[in-house]
Amino acid sequence: MSDQERGVLYPSQLPEFHRYLPDEGSAYAVRWFWLPEWNLAPGTSSRQEVLPFPASNFTVEGESVTLVGPPTQRSYRLLEGRGWCVGALLRPAAAYAIAQQHAGDTGLSGLRDQSLSLVIPELAPAVSAIMSNEDRPAEERRALAVRELSDFLLGTVEPPAPGSEAALANHLEQVLGDPALIRTDQLPDRLPASLRTLQRVAERYFGVPLHAMIRRRRLQESAARLRTEAGLNLAALATELGYADHAHFSKDFRAFLGKTPSEYRAQSFAS
């Protein structure tokens, strides 16, 4: 599964969507920048469903700046009319730092499935001016808007100190992306910390329990494979992802995605 589609349940239904990797200087704060644009005919809409990794996003849309806390379930947005959004998928050290600045002691765990409007007077007008300037080519507008957001984050969030909990959280994020990781007890062999320490770091810097992040990544992986591998054996997939049996996998899949693996595969290939 490519990172471009990670967590997107129906990629074929996306509007115009662009993703930009951060440069080397901002990679400690941002995993990637993303920028959807849409211009839908009157009376039409586009429903976008995602099962995102439990990470936080920082977004600018129109005159609004928002910190979107870690999601614990699938979500959707109905797009209508014309619009855009410039967002950054934050790395855990940056997400924690921004949450501390704006949400205080509630931190990221207090922002689960929540969005926090931020008062940053200089940011939204600057990004909006760039995105509304149709004298510039579209790709140039997008690149400049991403640069504006990147520069703001670089001026707001410092790199984590080597050996700090924040640095460990960023390292943990990388390890959690490994498809071979299916249980929490595999983590201490890959990271310089005990399982108890990693559980504490997950709650503080991601805002969700460690086991929930592994579970979410397994479901993302299964959804991606179901929509691209028509002949995939469901029982074999369940075993590969660490489920006790097909029934357990199917129950977990339906709880998060609202349909069984078979139903999801049929709908994906029909779209």
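Please state which of the following conditions L144 fails to meet, knowing it meets all the rest: (1) in a helix (DSSP H, G or I); (2) crowded, with 19+ Cβ neighbours inside 10 Å; (3) more than 20 Å from the chain's Cα centre (by Cα); (4) in contact (Cβ under 8 Å) with a residue 12 or more places away in the chain. All conditions pass for L144, except number (2).
To keep it simple, each residue is scored yes or no on (1) assigned by TED's automatic domain parsing to the domain that holds R91; (2) farther than 21 Å from L67 by Cβ.
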residue: D151; (1), (2): yes, no
residue: L172; (1), (2): no, no
residue: P179; (1), (2): no, yes
residue: R190; (1), (2): no, yes
residue: T197; (1), (2): no, yes
residue: M213; (1), (2): no, no
residue: E229; (1), (2): no, yes
residue: F249; (1), (2): no, yes
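Against the numbered list (1) surrounded by fewer than 16 Cβ atoms within 10 Å (Cβ to Cβ); (2) among the aliphatic types (A, V, I, L, M); (3) within 23 Å of R19 (Cα to Cα), A161 comes up short only at (3). When the range 23-38 is filtered for residues that are under 20 Å from L144 (Cβ atoms) and either of a type in the set (S, T, N, Q) or surrounded by 14 or more Cβ atoms within 10 Å (Cβ to Cβ) (or both), the ones remaining, listed by number, are S26, A27, A29, V30, W32, F33, W34, L35, P36, E37, W38.
Within the range 239-261, the residues that satisfy the criterion of being in contact with a Ser or Thr (Cβ under 8 Å, 6 or more places away or on another chain) and either of a type in the set (K, R) or in a helix (DSSP H, G or I) (or both) are F249, S250, F253, R254, P261. For residues in the range 174-208 being in contact (Cβ under 8 Å) with a residue 24 or more places away in the chain and of a type in the set (G, A, S), which is surrounded by the most Cβ atoms within 10 Å (Cβ to Cβ)? Checked the range 174-208; the qualifying residue surrounded by the most Cβ atoms within 10 Å (Cβ to Cβ) is G207.
The values are calculated or read from the model by the stated rules, or taken from the named source; none is laboratory data. Computed from a predicted structure; not experimentally measured. Heads up, the Cβs are rebuilt from the backbone with ideal geometry, glycines too, and the neighbour counts pull from every protein chain shown.
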